[in-house]
Amino acid sequence: MTRIIAGFAGSLPLSVPRSGTRPTSDRVREAIFSALEARGGLEGLRVLDLYAGSGALGLEAASRGAASVTLVEKNPAAARVARQNAGVVETAAGKRGRADASPRPRIDVAVQSVSAYLRGAPVVAGAGFDVVFLDPPYDLSDAELGEALAALAPLVADDGTVMVERSSRSPEPAWPAGPGPALVLDRSKSYGETVLWWASPA
């Protein structure tokens, strides 16, 4: 069972696609969001969840205060599950008590490939994504991941954070080094078979 860990939707269960996705374990999600909280939290931020699957990472961010979350998933069945989960989180946001005046997060689901989404996303000065999650299928090639990161770089806010989740058997992602917007590795950490790579704009 996958659940929202914390925030206004904390403990709410999320549906998971029957096949074709690899949900992030609770332990790894805890580590991801503990790191983000240590960096200042998610309140009011713009979040992009690429290869979203069930949407668990992006919806966790919404529960913890993100202003907007975009879930990008090309598999129609998985995207339907992500939309269903987004509805659960939006309902929870609407049920918050009157004392909580926080605005509802905006949650969008884009049913398209990551490459198509990144090609079509507008580059708006000063309005880039603050946090980006990339949890691609392990069989995604290193070259394809590198291309996605290069296309993503112009869309990240100057002080934004990019998190890539990969198998421990995969090499370090190929960070775009320029010319043009670049990403640089901040740190990495292993959790059994999973490695989290954290990067930021150069």
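The values are calculated or read from the model by the stated rules, or taken from the named source; none is laboratory data. Every value quoted in this text rests on a predicted model; they were computed, and no experiment measured them. Please note: Cβ atoms are built from the backbone with ideal geometry, for glycine as well, and neighbour counts cover all protein chains shown. What goes into the accessible areas is simple: the full protein's heavy atoms, side chains included, and nothing from ligands, DNA or RNA. Shrake-Rupley method; radii C 1.70, N 1.55, O 1.52, S 1.80 Å.
Points worth noting:
- Applying the criterion of being assigned to a loop (DSSP other than H, G, I, E, B) and without any contact (Cβ under 8 Å) to a residue 40 or more places away in the chain to the residues of the range 74-105, the residue that is most open to solvent (accessible area, probe 1.4 Å) is ARG98.
- Pair list, Cβ under 9 Å, 6 or more apart: the range 166-189 residue within 12 Å of PRO154 (Cα to Cα) and outside any loop (DSSP other than H, G, I, E, B), other residue polar (S, T, N, Q) and open to solvent by less than 60 Å² (accessible area, probe 1.4 Å): LEU183/SER200
- Taking (1) within 24 Å of GLY41 (Cβ to Cβ); (2) in contact with a helix residue (DSSP H, G or I) (Cβ under 6 Å, 6 or more places away or on another chain); (3) among the aliphatic types (A, V, I, L, M); (4) loosely packed, with under 12 Cβ neighbours inside 10 Å in turn, LEU183 satisfies each apart from (4).
- Check on GLY58, closer than 17 Å to ILE4 by Cβ and part of a helix (DSSP H, G or I): yes
- Boolean, LEU71 is of a type in the set (A, V, I, L, M) and either surrounded by fewer than 24 Cβ atoms within 10 Å (Cβ to Cβ) or over 18 Å from GLY128 (Cβ atoms) (or both): no
- Yes/no for ALA157 being under 17 Å from the mean Cα position of the chain (by Cα), open to solvent by 10 Å² or more (accessible area, probe 1.4 Å) and more than 25 Å from ARG22 (Cα to Cα): yes
- For the range 17-55, the set of residues classified as open to solvent by 10 Å² or more (accessible area, probe 1.4 Å), outside any loop (DSSP other than H, G, I, E, B), out of contact with any Phe, Trp or Tyr (no Cβ under 6 Å at 6 or more places or on another chain) and under 22 Å from ALA121 (Cα atoms) is empty.
- Summed over the range 126-144, the residues that are open to solvent by less than 80 Å² (accessible area, probe 1.4 Å), out of contact with any strand residue (DSSP E or B) (no Cβ under 8 Å at 6 or more places or on another chain) and not in a helix (DSSP H, G or I) give a count of 3.
- Test: residue in the range 106-125 that is touching a residue at least 60 places away in the same chain (Cβ under 8 Å) and not in a helix (DSSP H, G or I): no
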